[in-house]
Amino acid sequence: MAASMTSSPHPDFQYLKQKFCQDLEQHLSKIKGKKDIFIDHELMKPLDRMAGAALLKNNGVDKIFKLVSNQMATDGLEQRVYLTRPRMDSVKVITEHVNADKGQNHKRKYHIIFVPRRLHLCEMMLEYEGIHGDVTISEIEMHLIPLDRDILSLELPFFFRTLFLDQDETWLHTVARSIIGVQSLANTIPNVYCIGRRARMTFDLVNMMLGDARPDPDYTKSEIGSLVIIDRDVDYVTPLCSQVTYEGLLDDSFGIKCGFIEFGPEVTGKDQTAKLLLTSDDQIFEEVRNRHFSNVLGYLSEKAKSLQQDFDKRHTLQSVGDMKNFVSKELRGLKQQKTNLAYHIGACEQILMKKNKDDFEEYLQTEHSFLEGSSLRENITFVEELVQKQHSMIPTLKLFSLLSLTQDGVSSRDYKSLKTQFLHSHGFEQMLTFNNLNKLGMLTEQDQSGQISTPIGKMPSGVNLRRSSYRNLCKKLNLVPKTEDIDLKRPTNMAYVFSGAYSPLSCKLIEQVLNKEGFSGLEDITKYLTGDVYSRVEVRDHSRPKSAAAGPKLSKTVMVYFLGGCTYSEITALRFLGRIKGYRFIISTTSIINGSTLLNSVVEKSR
Amino acid sequence: MRRLIPKLFHYKNSVLRRTTPLLFQPAGTCRHLMKYLNFIPNAPDPSRTSKVGPDAACAEWILKLGGAVRFEGDKEWIRNYNFLPSVMNPDYKPGLVLDEIDGSGTSVMWVGFLNLSIVPTMKREDKTPREMTEEIEMLRRLLLPFNLECYKSLDEKLSLLNRAIAVHDGNAIIATVLFLKRTVKASIFNLELQKRPAAINHYVNFLNMRQNYAELENVLGMLNRHEDAAMLKYKQAVVINDVGSKISALKTCYRAHFQSEPSLVNDAHMVQEHISILERQRPIEVVFGDSEFRSFNDADSAAEREGRTPMFKQHPRAASILNMPVITTLYYCCYYHTGLQELNEKQFVWTALSARSRLKQWNGVEELLTAKVRLILKIRSRSRLKQWNGVEELLTAKGWFGGTKSRAVIGFDRVCEVLNKTGAPRDVLTKYLNLIDSSDRRLQVAKKLKCHNVVVDTCVALKDRAQIIDYARKLPITSPDYAYAQNAIKSSVSDFCKLHLTTHTLKMPYKESEIYYCI
C-alpha cells in the first residue's frame, strides 16, 4: 500500500485511483446484466480522470448519460445506475425520472450510488418523493483526485459557497476522510498546522474519526512531514488578483477543468475544438507552466526551432536501421510535441489578443496600485469608469472587492456611490450578491466610528467578526517587495508570480509557519488574520543546528490543504518556495479556483 | 466477580475496535455516514474513565445506549442515566463495582433494531466476548436503516445534538435537528435551536434548499435576523416572471422588510428604484393580454411583432427591455425612441399620448443616473445609429457670450473610446481626438485607437521626431498613413533641424541611428 518513496519524490497517489476503480467495479459487477448509467454532470470530468469510460463498458454498462436537470429519460434498459454527488438537485432529477416511469407503469431497477457518501437529506428527499423503496442506495468513496504529480483535488466547486457563505459543515467530513486516506497511504503526518477556524474543525474531525483507540503512530515511517490546512477566508486577496503565470493565465482565459483544457477553433486553427490534458507529462507545458507570461513565448519559439531540427534529422539518416529507429522511437513523441506546441503557441496568441482588447494593462496597473496602496483616488475613478461603461460584471466586481480587501473596507461614501452605480449597470438583483460578499467579508463598508457596526445578535452567529487586515499583514510579511526590479526570468522572489507586485499572502503564511515550526513568535501576524490558528508539532526538524539529534527525522514533504480552493498562482508560488527552501509540496485543495470562479460561486443568479 | 469486569471491558473494546476500523472499510459495506451518531455514544471516553474509574464509565456508557446496570451491593437495576447520581457528581469517589449489565435493547451499533430482545440479560457467564462480537457482526449485516427514534428524553436528544455539533459533521447535525423538530414542540425546538448557531445555520440551509420560505421567514424573524429576512423576501420577489406580480411583490417586500430597517436604508432606496424602473419599463414593453395596459397597443413588443415600424425592422431588438438594468434601459430608449423622433419624425406616427408618456418614462429613468453615464449612453446610441450630427450636438455647449464650444463632462478621451467601440469612422474619431487637451493623453488614446494621423500630428506638436520615426516603422509602407508620417518627418526635419539632408536619405527606410546623426 505504501508508496515507493525512494524512487519518486512524492508519495504515490495513484493508489487512490486504483482504489476507486476497484470500488466502482465491485459495485457495478454486483448489478448483474446490462445497465445504463447516468452520471452527475459534476462528476463527469473527475470520473474521466479516475476511471474512464472503458472501465464502465467492461462492467456491463451499455450507455452513458449525463444527468442534467429537466431531462426526459423514459427509454433505455431495465436496469439503471445513477452515479451522483449527494446534492439535492441531482436527487430531484432522479426522482423525476423514477416517477415518470412509475406514471407509465414502467418497471425498472434503479441503483443510486452516491459519491463520496450518502447524506441524510438525500435519503429524506427520496423518501419524501415516495421512491425510497424503488431504489437501492449505496456509496463509493472518492476523495482526492490526483490531478498531477503534486496536485490533489476533491473537485468540489460548490465547497466554498457551502462552507464559507452558508456555513454548512457537511463537506468537512469529506475533507477529513481524505486526510485520513492520505495518512493511510503515507502514514500519520507528525506536524499539523491549522490556519483558520475551519481548518481546526477539520483537524478535530480527523482526530475524532480516528478515535483514541489507535496505537501511537510511528513517525519514523511518515512520508509527509507536515500538513498545513488553510482556510480560504484567510486570504481572499490572492485569488482576486489577475494571474500572470502561464498556467494561471490559461485558467483565467480558457478555464482548466480537472486538468483538462479545451481550446476553441481560434487556438487550434481548425474547425473542431481540441481537448488537452495539462500535466507534467506534457514536457513543453511542464517547462512553461510556472513561468511568468513574458517569459513563455520566447521559450516556445526556441522550442519550435529545436523541434524542427529534430525533425530535420530524418534527412540525415544513413541506414535503413537508423530510419526504423527514428520512426519507431522518436517520431511519435516529436509529433505529439509538435501538436502540443502548436496549441500552446495558439493559446498564447489568444491570451495576448484578449488582454489587449480588454485594456488589461490599465486593469493590471490599477490592481497593482491597490495592492501597493498608492494613488487610491485615481483607482477608484477607474473602477467607477468600468462600472459606468458596463464593463463585464465579474472583472469589475473583482476589482471592487480587491479595493475593499486592500483598504480593509471601502469608505462609506465610495461604497454607496459605487454600489448604486453598479446596481444601475448590472441590475438591482445584484444587491443579493453584495449581501453575500458582505457576509463573506470580501466587500465591506468601512465604519466611520471604526467599530464593528453590526450588533452581535444580528450577525449569523458563529461568524468571526474579526476581518483580516491586509495593510498590516502586508507590512509584516513584506508582501509587496520594495525593490522594483524582480527578475521574472530567473525568479528569486516569490512575488514574480504576480509580476513582482505582490507575493501571495497564503503562501507567505505557509512559509512562515514552516520556518518557525508553529505559531509562536508569529503573534503579531496571526492577530491580523481572520481565523484562529493551531498547531500540533510532534517531530522537530533535526537539520536545524539548535535541536537535538534524537528521534525520527522530519520528512521535507509538506502537504498544504486549501479549504475552499486555491489558484494556480498559489500552486506556482509554493513550487517556487519548495525549490528555494528544499521542501516538496503536495497541494491539496477542495477545487482549483480563480477570481472569476470564486466570485461566480457567490453571485446570485436570479435570472 | 471483580475479575469479570475487565472481561466486560474486553467486550466493550471489541465493539469499539470494530467501530473504529469501520471508517477504513470500503464504502458501501457499512453506513458510516449515519454511523457517526451511533458512534458518538459508542465512543469510549478515556477522560471519563480516568476521572470516574472504569466501572462507572462503563455504566455511563451502557446507560447512554439504553441498557441497565446494577452495582455490586445494590439490589436495584439502574435504567436511567440520570439516576447515576454519584457518577454525574463531579466530586465522585471511585470505588463502585459493576455487578451486572443488561444490554437488552441497547443501541450498541444496532440502534433502533426492532424490539427484538437481542441480548438477553447479560450474565457475564452467558457469552464470551468472541461470541458477542460475532453476534454483533451478524446484526450489522441485518442492520436496518439507522434511526434516532430510540432517544426519548430531551436530554438525550440535546446531548446527541451537541455531540453532532461538536464533531462538525453537517450531515449528523441536520439529521438530529430534524429529529428534534419532529419530536418536540415548537417552543422547545426554537429555544434549543437559538442556543446553537451551527444548528441554526444548517436548519436555515435546509429550509432554503427545500424552498420552505414560510418557515424560513419565521426562523429568521425569531432570530432577529431582519437583514437576512429582507434579502430572502427580495430574492423571492425578483424571480417572479410576471411584471405586475413582481412589482407588487417588491412593494410588499419593501413595506414589510426594508422601510423600517435602519441598517437597510441604502438597500431600501435600491428596492424603490427597482420598483420604479420596472414601472417605467412595463408600458414600453407591454405584452398583449396584459389587460391593464391594453390601450397601449403600440408598445414595442407589439410594434416589433407586427413589423409596423421601420426602426425595429432595421435594428431588431436583442431582447425584451423588461428586467434590464437601468443603464441598458436608458440606452434602449436613446436608441429606439429619441433616435426615432429625430430621424423619422414624419414617417413614424406617434400618438400624442404614447409619445408623451414614453418621453416621461425615460426622462424619469434619466434622473437616476449621473450626468456622465447619461452622456456616455447618448453618445453610444447616436454613434451606433451613425448620427454624427447628433453626437456633435451632445458635445456642444453654448458659450457665455452666445458662441458655441465643445465640451464633454466625461472628457474627450472617453468620448473617443466610446465612439471607437461603437464603430465610428476615422474622421469622426480624429475630430474628437483633437479635442483632447493633454497631448500626452491624446497620443496615448490615438495610439490605442490606431488613429495614425493624430499620432503623427501630436508628435509633431510635441516636437518628438524620434517617436514619429519609431512609429512610422510599424506602419505598412503602402498605407497612406505611412506617407503621412514620412511627410511629417520630412517637414519636421526641415522645420526644426535645418540640417543638410539629402532627399535620398529621406526616401530610404529609416534607421534610427541615421536620423539621430542627421539631427
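The values are calculated or read from the model by the stated rules, or taken from the named source; none is laboratory data. If you're wondering where the values come from, they're calculated on a predicted model, not measured in any experiment. Cβ: placed from backbone, ideal geometry, glycine included. Neighbour counts: every protein chain shown. We work out accessible area using only protein heavy atoms, side chains counted, and drop any ligands, DNA or RNA first. Shrake-Rupley method; radii C 1.70, N 1.55, O 1.52, S 1.80 Å.
Observations on the model:
- Residue that is nearest to the other protein chains (Cβ to nearest Cβ) [pool: residues in region A:175-205 that are closer than 16 Å to A:I586 by Cβ and of a type in the set (S, T, N, Q)]: A:S184
- Members of region B:435-466 found to be surrounded by fewer than 16 Cβ atoms within 10 Å (Cβ to Cβ) and either among the small types (G, A, S) or over 45 Å from the mean Cα position of the chain (by Cα) (or both), listed by number: B:S438, B:S439, B:A461, B:L462, B:K463, B:A466
- Residue selected from region A:446-482 under the condition outside any helix (DSSP H, G or I) and at pLDDT 85 or above, by the criterion most open to solvent (accessible area, probe 1.4 Å): A:N478
- Taken across region A:483-496, residues that are under 28 Å from the mean Cα position of the chain (by Cα), at pLDDT 80 or above, open to solvent by 30 Å² or more (accessible area, probe 1.4 Å) and under 25 Å from A:I525 (Cα atoms) do occur, with at least one present.
- Filter result for A:D168 (over 18 Å from the mean Cα position of the chain (by Cα), more than 26 Å from A:L514 (Cβ to Cβ) and within 10 Å of another protein chain (Cβ to nearest Cβ)): yes
- The listed residue being of a type outside the set (K, R) and over 27 Å from B:L330 (Cβ atoms), out of B:N241, B:N224: B:N224
- For A:N105, the conditions (1) at pLDDT 90 or above; (2) at positive phi; (3) polar (S, T, N, Q) all hold with the exception of (1).
- Considering (1) touching an Asp or Glu at 6+ places or on another chain (Cβ under 7 Å); (2) surrounded by 19 or more Cβ atoms within 10 Å (Cβ to Cβ), the lone condition that A:F160 does not fulfil carries the number (1).
- Top-ranked residue of region B:195-227 - restricted to ones that are touching a residue at least 12 places away in the same chain (Cβ under 8 Å) and farther than 26 Å from A:V91 by Cβ, ranked as most open to solvent (accessible area, probe 1.4 Å): B:H226
- When region A:107-129 is limited to residues that are under 27 Å from A:A51 (Cβ atoms) and of a type in the set (F, W, Y), the one that is surrounded by the fewest Cβ atoms within 10 Å (Cβ to Cβ) turns out to be A:Y110.
- Taking each residue of region B:471-484 that is open to solvent by 60 Å² or more (accessible area, probe 1.4 Å) and looking for partners that are not charged (D, E, K, R) and not in a loop (DSSP other than H, G, I, E, B) with beta-carbon atoms closer than 6 Å, six or more apart or interchain, yields B:Y484/B:N453; B:Y484/B:V456.
- If you go through region A:118-129 and keep only what is hydrophobic (A, V, I, L, M, F, W, C) and either within 30 Å of A:D235 (Cα to Cα) or at the interface with chain B (Cβ under 9 Å from one of its Cβ atoms) (or both), you end up with A:L119, A:L121, A:M124, A:M125.
- Cross-chain or 6+ apart pairs with Cβ under 6 Å, region B:256-270 first and assigned to a loop (DSSP other than H, G, I, E, B), then open to solvent by 60 Å² or more (accessible area, probe 1.4 Å): B:E261/B:H226
- Here A:T396 does not fit the description of being buried (at least 21 other Cβ atoms within 10 Å of the Cβ), closer than 25 Å to B:L223 by Cβ and modelled with pLDDT of 90 or more.
- The set of residues in region B:162-174 that are modelled with pLDDT of 85 or more and under 19 Å from B:K152 (Cβ atoms) contains only B:N162.
- Close contacts from region A:419-439, counting a first residue that is facing another protein chain (nearest Cβ under 9 Å) and a second that is open to solvent by less than 10 Å² (accessible area, probe 1.4 Å) and not in a helix (DSSP H, G or I), with Cβ to Cβ under 7 Å and a gap of 6+ residues or different chains, come to A:F434/A:L443.
- If you go through region A:502-516 and keep only what is open to solvent by 40 Å² or more (accessible area, probe 1.4 Å) and among the basic types (K, R), you end up with just A:K516.
- Hits in region A:317-331 - residues which are within 18 Å of A:L307 (Cα to Cα) and assigned to a helix (DSSP H, G or I): A:M323, A:N325, A:F326, A:V327, A:S328, A:K329, A:E330, A:L331
- The one condition from (1) within 14 Å of chain A (Cβ to nearest Cβ); (2) open to solvent by less than 50 Å² (accessible area, probe 1.4 Å); (3) over 30 Å from B:S276 (Cβ atoms) that B:E192 does not meet is (1).
- Residue within region A:151-164 that is among the basic types (K, R), modelled with pLDDT of 90 or more and farther than 23 Å from A:Q71 by Cα present: yes
- Of all the listed residues (A:Q104, A:Q79), the sole one being among the polar types (S, T, N, Q) and open to solvent by 70 Å² or more (accessible area, probe 1.4 Å) is A:Q104.
- Filter result for A:K335 (farther than 30 Å from A:D408 by Cβ and either open to solvent by 70 Å² or more (accessible area, probe 1.4 Å) or in a helix (DSSP H, G or I) (or both)): yes
- Residue selected from region A:352-403 under the condition within 14 Å of another protein chain (Cβ to nearest Cβ) and among the basic types (K, R), by the criterion farthest from B:R374 (Cα to Cα): A:K355
- Residue within region A:189-201 that is out of contact with any Leu (no Cβ under 8 Å at 6 or more places or on another chain) and open to solvent by 10 Å² or more (accessible area, probe 1.4 Å) present: yes
- Residue in region A:79-87 that is in contact with a His (Cβ under 6 Å, 6 or more places away or on another chain), outside any loop (DSSP other than H, G, I, E, B) and within 21 Å of A:Q26 (Cα to Cα) present: yes
- The one condition from (1) assigned by TED's automatic domain parsing to the domain that holds A:Y343; (2) polar (S, T, N, Q); (3) crowded, with 24+ Cβ neighbours inside 10 Å that A:S226 does not meet is (1).
- For region A:20-30, a residue qualifies if it is surrounded by fewer than 19 Cβ atoms within 10 Å (Cβ to Cβ) and not hydroxyl-bearing (S, T, Y), and the qualifying residues are A:C21, A:Q22, A:E25, A:Q26, A:K30.
- Scanning region A:130-155 for residues that are within 13 Å of chain B (Cβ to nearest Cβ) and either part of a loop (DSSP other than H, G, I, E, B) or open to solvent by 10 Å² or more (accessible area, probe 1.4 Å) (or both) gives A:H132, A:G133, A:T136, A:I137, A:S138, A:I140, A:E141, A:M142, A:H143.
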